[in-house]
Amino acid sequence: MSAVIAEHDEHDEHHHDDHAHGPDKGLLRWIVTTNHKDIGTLYLFFALAMFFVGGSMAMVIRAELFEPGLQFVEPQFFNSMTTMHALVMVFGAVMPAFVGLANWMIPMMIGAPDMALPRMNNMSFWMLVAGVLLLASTLFMEGGAPAAGWTLYPPLVLQTGKALPFAIFSVHLLGISSIMGAINIIATIFNMRAPAMTLMKMPLFVWTWLITAFLLIAVMPVFAGAVTMLLTDKFYNTSFFDAAGGGDPVLYQHIFWFFGHPEVYIMILPTFGVASTIIPVFARKPLFGYSSMVYATASIAFLSFIVWAHHMFTVGMPIAGELYFMYATMLIAIPTGVKVFNWTATMWKGAMTFETPMLFSISFVVLFTMGGFTGLMMSIAPSDFQYHDTYFIVAHFHYTLVPASIFILMAAAYYWLPKWTGHMYNEKIGQLHFWLSVVSVNILFFPQHFLGLAGMPRRIPDYAVQFADWNMISSIGGFIFGASQLLFLYVVIDTIKGGTGEKVSDEVWEDAHKHGLEWTIPSPAPYHTFTTPPTSIPTEHI
Amino acid sequence: MNTDDLQQKNARLVRNLVLVVVAMFGFGFALVPLYDVLCDITGLNGKVAATAAKEVVYPIDNSREVTVEFITSLNESAPMLFRSETKKLIVHPGEYYTVNFYAENLTDKPMVAQAIPSISPGLAAEYFKKTECFCFTEQTFKPREGRTMPVRFVVNPDLPKQYKTITLAYTFFDNTKTQ
């Protein structure tokens, strides 16, 4: 596993640098910090906390659906749970987790001393916290939290009680926070790279984040605009979506999904980047098809802007519109297929070992592909009329988010924890966490395909008795999956406290220093790294 | 690179990116008229013209029969009575017909209400012409007032052959509070 400690003298000189000083002492360090590693840590812990908050909401949903009939919660609260689960997971867990990884890793991967705009970096984190707290506060308001689904479709969402303006302002805050994060990432990648780090030598994680950041600044403002229109419709007598005043509720769906489709790629592109970083190291081969990976990512990002109406095949579009969005959507399978092929080809005849990060990455390739295939099924407009708003789509997007984005975030944590903490995590518990997760995630989501095909609608607290068996199995899988994540929490805390006690080398994983600059600096990574840019860069990742 | 250069480069890049953000925020709002323009040009969405069509004389196609159905509903249980006096009519394309709708204010206060039409299938909407309709303007009702309101329409003989039934649905919205 870990190889001989590799010495890289030129980077051990960080303590000679005149800027070098340690972190501030005490709690204030975390509030005022502008250090990319501190902010990355804050983002990652915050995302982990929100992962458990959003996960608890999912447990409420699965408990209620364990049996037909109303057991535990009121239907209104159930709908709040589905809505808040999605909003918390998307804006509180997955996106911040990737921003946290970007903060930690991008400067270290491109040989930069820090992010380009450190103070803005601090501000975007605390704005995220404010946004999520504001969102969470709606749970305690008169009329309850928003319950119209994370898509916030009018006219239903306009029936939200006192919580509506708070939810909308929270979306504004979350949007501003992620736009600032995206601007910072673009500025860092464009202006802070080590001279030797040309664009086409950047690790794929950096590339995918660059493209994701452009998606963010292009679509978050559109979403902010859409929810602002909801706000003025409700409180200022405008009629953007109100038919009585000449508006049209379907217009909201068009604007929302113009944001929403790129948004789902915002959550998956960095996932691709991490997978492309981890798989070559454990296959002990260079990544297969580096430049095709870059072009595929860019193509997926471009296509995401022109396929939005495949989320609304049933609103009564003309046949020409249905056909256009159907074929455009199918096109996405091509660059995505290139990626899956490249990951498989990277592993082909590689000297593979199966440490926890690699296990999560391999299961990502397999299970993400399954989620991709159901996506292809739904792109077929006439079939989609059957799948629309059923558990089939719930199964589809959870396959592309849980065993894809979440699994890769887990893989990333196991992969970089030794670099962050200087300690090795407990491999046995890591693997137990993996096997419990991968089995239970399939027990959880696979039966939902059957439920959806049989016609069970999503976002309902009660259902017809013929759906009872698969729902019970799905719920059991859900509880096992939820409980297994506590193992991850244990591993993280244990590793920070010293882990196995094993001394980790600078490169941690065998020959990792050939794959990325972050493995050429000491473990744990010093508070300041690359205050002078590295002169040579590894090339095994391209 | 020296620090001043870098700061200048960062400032320029950030300014450009902020401009993109502002432009995209505007684009979100620009989608509203763009979407209406697209619907007008293509006649999609079952959106019906909000103004009266000119009374054009069409050749009457007596050999063809199209069923027109009339549906009425109330938005968010507006305090009204609203019904169509004709539920279903078999028409010849090109001939003008008049049907009556009855609406009544069930409150003791004056009411302003707006009826919103919708035609399905949406692609047939452009062939369904109304020369007179209570839906073109807001309707004011005195307390407890009820009245009969006519709709005069014609189905354009160019209606493609596959359409045998057209449904005209009206929803009354109570707009009193927003006045």
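The values are calculated or read from the model by the stated rules, or taken from the named source; none is laboratory data. Computed from a predicted model, the values in this text were never measured in an experiment. Here the Cβ positions follow ideal geometry from the backbone for every residue, glycine too, while neighbour counts run over all protein chains shown. Side chains included, ligands, DNA and RNA excluded: accessible areas come from the protein's heavy atoms. Shrake-Rupley method; radii C 1.70, N 1.55, O 1.52, S 1.80 Å.
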Open item on the list: On C-alpha positions alone, give me the angle between the axis of helix A:163-191 and the longest principal axis of chain A, in degrees, nearest 10.
Closed with: 30
Open item on the list: Can you compute the FRET efficiency between B:TYR58 and A:THR344 using 1/(1 + (r/R0)^6), with r the Cβ-Cβ distance and R0 = 56 Å? Round to the nearest 0.05.
Closed with: 0.30
Task: Surface per residue (accessible, 1.4 Å probe) for the protein assembly as shown, Å² - done: 41
TODO: Can you tell me how much longer the chain between B:ALA30 and B:LEU106 gets when fully stretched, taken as 0.36 nm per residue apart minus their C-alpha distance, in nm with one decimal?
DONE: 23.4 nm
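On a full-extension model of 0.36 nm per residue, what is the gain between A:SER536 and A:ARG459, subtracting their alpha-carbon distance, rounded to one decimal in nm? Before the final figure, lay out the partial values.
Working: separation 77, 0.36 × 77 = 27.72 nm, distance 5.37 nm.
Between A:SER536 and A:ARG459, full extension yields an extra 22.3 nm.
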- [ ] Give me the distance between the Cα centres of region A:190-253 and region A:469-519, rounded to whole Å.
- [x] 32
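Work out the mean other chain Cβ neighbour count within 10 Å for the residues of A:243-249 and drop it here as an integer. Walk me through the numbers before you get to the answer.
Working: counts 8, 14, 6, 5, 3, 7, 0.
Mean number of neighbouring Cβ atoms from other chains: 6.
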TODO: Would you look at the GNM of chain B, springs on alpha carbons closer than 10 Å, and say which of B:PRO117, B:PRO93, B:PRO33 moves the most?
DONE: B:PRO33
TODO: Within 10 Å of each Cβ in peptide B:19-30, how many partner chain Cβ atoms are there on average? Round it to a whole number, please.
DONE: 6
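In peptide A:316-328, what is the residue-averaged number of other protein chain Cβ atoms found within 10 Å of each Cβ?
Details: counts 8, 3, 7, 1, 2, 2, 0, 0, 0, 0, 0, 0, 0.
The mean count of partner-chain Cβ atoms within 10 Å per residue comes to 2.
What value, in deg cm²/dmol to 500, does the helix sum -39500 (n - 2.57) over DSSP H runs of n ≥ 4 give at 222 nm once divided by the residues of chain A? The partial results should precede the final answer.
Working: 17 runs with 333 residues, N = 542.
Theoretical 222 nm ellipticity from helices: -21000 deg cm²/dmol.
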Task: Projected label distance in nm at A:TYR327 and A:LEU436, using a 7 Å step from Cα toward the beta-carbon - done: 5.0
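Report, as a whole number in µm² per second, the diffusion coefficient that Stokes-Einstein gives for region A:17-520 at 4 °C and 1.567 mPa s using the Kirkwood radius over alpha carbon pairs.
Numbers: Rh = 23.4 Å.
The calculation lands on 55 µm²/s.
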Task: Pairwise label distance in nanometres, A:ASP469 with B:LYS88, each label 7 Å out on the Cα-Cβ vector - done: 4.2
TODO: Round to the nearest 10 and give me the degree value, 0 to 90, for the angle of helix B:3-42's Cα axis relative to the longest principal axis of chain B.
DONE: 10
- [ ] Report the accessible surface area buried between chains A and B, summing both sides, using a 1.4 Å probe on protein heavy atoms only, in Å² rounded to the nearest 100.
- [x] 2500
TODO: Would you please put A:104-112, B:96-104, A:184-192 in order of how densely packed they are, using the mean number of other Cβ atoms within 10 angstrom per residue and starting with the highest?
DONE: A:104-112, A:184-192, B:96-104
Task: Helix A:249-283 vs. chain A, principal-axis angle (Cα, 0 to 90°, nearest 10) - done: 30
- [ ] Any of A:LYS201/A:LYS497; A:LYS37/A:LYS503; B:LYS130/B:LYS161; B:LYS54/B:LYS142 with alpha carbons more than 26 Å apart? Name them for me.
- [x] A:LYS201/A:LYS497; B:LYS54/B:LYS142
- [ ] Indicate, rounded to the nearest 5 percent, the antiparallel portion of the DSSP beta bridges found entirely in the protein assembly as shown.
- [x] 80
Task: Percentage relative contact order, chain A, counting C-alpha pairs under 8 Å, at least six apart - done: 20
